Amino acid sequence: MSPKPDLFPEAWPAIKATLAADASPVQWHMAISKCLDPRLRFRYLDPIKAIADSRKLKGEGFLILTIQCSIIEFLASLRRGWNYRQSAQWGVNFEYGGSKQLFTEFLCQTPPFLGWFPTEDNAEAFYKNIRCGLVHEAQTKDGWVIRSGASYPLIDFDTKIVNRDAFGDAINEYLDEYRQTLKNDQALQEAFVRKFDNLYHHASLAPEFAGGG
């Protein structure tokens with residue numbers, strides 16, 4: 001079966017208008033399937049699968065976990081309906097200017113991650129040594145290593161091991177719950193609209209937007 005086309009951003013104004021007129025679970029299911037799921041699949045999940053399936057064992061774990069950290073920040077900002085702007089004050093006009101608090105609060109406050117990151121110190125250790133290490137220096141820091149497979153837990157703060165397969169499973173578990181909750185949760189719905197409004201705005205500035213590219 002061929003994947004559904006990514007209808008965002010061109011279809012967003014019509015989808016937003018439909019949601020404003022009818023915020024039923026059926027319409028929110030439509031918004032998820034046309035906006036959120038294709039974005040996650042084509043920009044994140046399909047590339048992760050392609051990298052993992054290559055099985056070259058030449059740095060796949062670093063790249064996969066870097067992408068997963070990007071997913072976490074997107075999901076954290078989507079949940080709040082906040083948008084990044086450099087130097088923005090925390091939460092003012094639904095914006096943030098630094099990732100640390102957004103990232104760490106998501107990990108230690110949101111299921112299923114809070115089960116693995118029970119304290120802010122745990123989440124900050126992950127942010128500093130794994131997320132920032134991978135994004136800024138293409139390596140983990142402070143002795144942390146990346147593993148895969150069922151023999152490792154999602155994260156072990158004693159042995160400093162993080163399992164990118166289990167981390168991906170946790171992302172999928174979160175998404176399953178988020179999709180269901182979104183259909184009936186007004187606060188999450190308003191946050192979703194704010195986030196996708198911002199994504200639409202920036203996408204519309206691209207030269208190929210008018211041509212549907």
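For the chain, which whole-number percentage of the solvent-accessible area (1.4 Å probe, protein heavy atoms only) is attributable to carbon and sulfur atoms?
Working: 5900 of 11400 Å².
Percent of accessible area from carbon and sulfur atoms in the chain: 52.
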Point to revise | Pairwise FRET efficiency - Lys128 versus Lys49, Cβ, R0 = 30 Å, nearest 0.05 | key: 0.60
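Measuring with a 1.4 Å probe in the full set of protein chains, what accessible area per residue, in whole Å², belongs to the range 73-213? Intermediate values should be presented prior to the final figure.
Working: 7320 Å² over 141 residues.
Heavy-atom SASA per residue in the range 73-213 reads 52 Å².
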Check your understanding: What number, in percent, do you get for the relative contact order of the range 1-88 if the mean sequence gap of Cα pairs under 8 Å and at least 6 apart is divided by its residue count?
Key -> 24 percent
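For the pairs Lys49/Lys141; Lys16/Lys183; Lys128/Lys160; Lys49/Lys160, flag any whose C-alpha to C-alpha distance is greater than 19 Å. Walk me through the intermediate numbers first.
Numbers: Lys49/Lys141 25 Å; Lys16/Lys183 14 Å; Lys128/Lys160 13 Å; Lys49/Lys160 25 Å.
Cα-Cα > 19 Å for Lys49/Lys141; Lys49/Lys160; rest within.
Compactness ratio of the range 117-212: Cα Rg over 2.2 N^0.38 Å, N = residue count? Don't skip to the answer; put the middle values down first.
Working: Rg = 18.2 Å, N = 96, 2.2 N^0.38 = 12.5 Å.
So the range 117-212 has a normalised radius of gyration of 1.46.
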**Study point:** FRET E, pair Glu105, Gln180, Förster distance 22 Å, beta-carbon r, rounded to 0.05
**Key:** 0.50
Practice item. With all protein chains present, calculate the accessible area of Lys34 using a 1.4 Å probe and round the result to the nearest 10 Å². Key: 80 Å²
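So for the range 1-154, Kirkwood radius off the Cα pairs, Stokes-Einstein at 20 °C and 1.002 mPa s: how many µm² s⁻¹? Each step should come with its number before you reach the end.
Working: Rh = 17.7 Å.
Translational diffusion coefficient: 121 µm²/s.
Using only helices, what value at 222 nm comes out for the chain when you add -39,500 (n - 2.57) per DSSP H run of length 4 or more and divide by the total residues, to the nearest 500 deg cm²/dmol? It would help to have the intermediate numbers written out before the result.
Working: 10 runs with 112 residues, N = 213.
Result for the chain, helices only: -16000 deg cm²/dmol.
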Check your understanding: For Ala203 and Asp169, what is the calculated FRET efficiency with R₀ set at 22 Å and r taken between the beta-carbons, to the nearest 0.05?
Key -> 0.15
Study note, to complete from the structure: The aspartates and glutamates whose Cα lies under 14 Å from the Cα of Lys34, excluding any fewer than 8 residues away in the same chain, are Asp6, Glu10
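The values are calculated or read from the model by the stated rules, or taken from the named source; none is laboratory data. Treat the numbers as computed from the prediction; the structure is a model and nothing was measured. Using ideal geometry, Cβ is built from the backbone for each residue, glycine included, and neighbour counts are taken over all protein chains shown. Surface accessibility is based on the protein's heavy atoms, side chains included, excluding ligands, DNA and RNA. Shrake-Rupley method; radii C 1.70, N 1.55, O 1.52, S 1.80 Å.
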